[in-house]
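Shown next, in structure tokens, is the structure this report addresses.
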């Protein structure tokens, strides 16, 4: 009945869809590249940052969320991810993290949420070490990243990373760190706790046993 009386309505929704598609094409991922403002809200996934009275919802790394304080000022380098049904902001404390995030999401099959999980594993240089030294097991610790995808990440990123990274460890050090994390998990600690404490251990401490003892000292103080 409506269609027969108002034939123009039949094409109305298609006009809306076409215009929406054109708008999406005009949106550049660099449209919002940096935010500086006050933290108004936080949860386990994102922050809401007040910038001159406008609240921006920004998905962040676990380490950023843990340290974020309501009312504190924060500056984040951001990536605007454009989807058909949403625009999402992802924020990072430094440009190196942002650059690596964008390299990860350029890989088919790696979305922004998976890229955040990878970056939450360890500092960026440590993840780059794992890629350069072909340590698939380092990446497969992430839920949803299997051996096939880990190999794909290494294959696609290895040649895009500098062959020499400041402070790079050899493969045995990376293996020891994985063993320490596994040992702490077997003792009942959460993987996130184990990874966090690994960042606090003095780099001069070598050997799986010594690293476990040092980790337990830190964990015992909590």
Item to check | Among (1) out of contact with any strand residue (DSSP E or B) (no Cβ under 6 Å at 6 or more places or on another chain); (2) more than 23 Å from residue 127 (Cβ to Cβ) - the single one residue 61 does not satisfy | outcome: (2)
Item to check | Flag if residue 67 is under 24 Å from residue 125 (Cβ atoms), surrounded by fewer than 17 Cβ atoms within 10 Å (Cβ to Cβ) and at pLDDT below 90 | outcome: yes
Checklist entry - Is it true that residue 80 is part of a helix (DSSP H, G or I), within 23 Å of residue 156 (Cα to Cα) and touching a residue at least 24 places away in the same chain (Cβ under 8 Å)? => result no
Next on the checklist: Looking at 113, 128, 103, can you tell me which residue is surrounded by 19 or more Cβ atoms within 10 Å (Cβ to Cβ) and out of contact with any strand residue (DSSP E or B) (no Cβ under 6 Å at 6 or more places or on another chain)?
Outcome noted: 128
Checklist entry - Would segment 57-73 turn up any residue that is free of Cβ contacts under 8 Å to residues at least 60 places away in the same chain and on the phi > 0 side of the Ramachandran plot? => result yes
Checklist entry - Of all residues in segment 164-182 being loosely packed, with under 12 Cβ neighbours inside 10 Å and under 16 Å from residue 100 (Cβ atoms), which is modelled with the lowest pLDDT? => result 167
Item to check | Hey, residue 143 outside the structural domain of residue 191 (by TED's automatic domain parsing), modelled with pLDDT of 90 or more and either surrounded by fewer than 19 Cβ atoms within 10 Å (Cβ to Cβ) or over 30 Å from residue 175 (Cβ atoms) (or both) or not | outcome: no
Checklist entry - Any idea which residue in segment 84-96 is surrounded by the most Cβ atoms within 10 Å (Cβ to Cβ), counting only those that are more than 13 Å from residue 59 (Cβ to Cβ) and without any contact (Cβ under 8 Å) to a residue 40 or more places away in the chain? => result 93
Next on the checklist: Regarding segment 36-50, can at least one residue be identified that is at positive phi and not in a strand (DSSP E or B)?
Outcome noted: no
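The values are calculated or read from the model by the stated rules, or taken from the named source; none is laboratory data. In this text the structure is predicted, and so the values were computed from the model without any measurement. So basically every Cβ, Gly included, is an ideal-geometry build from the backbone, and we count neighbours across all protein chains shown.
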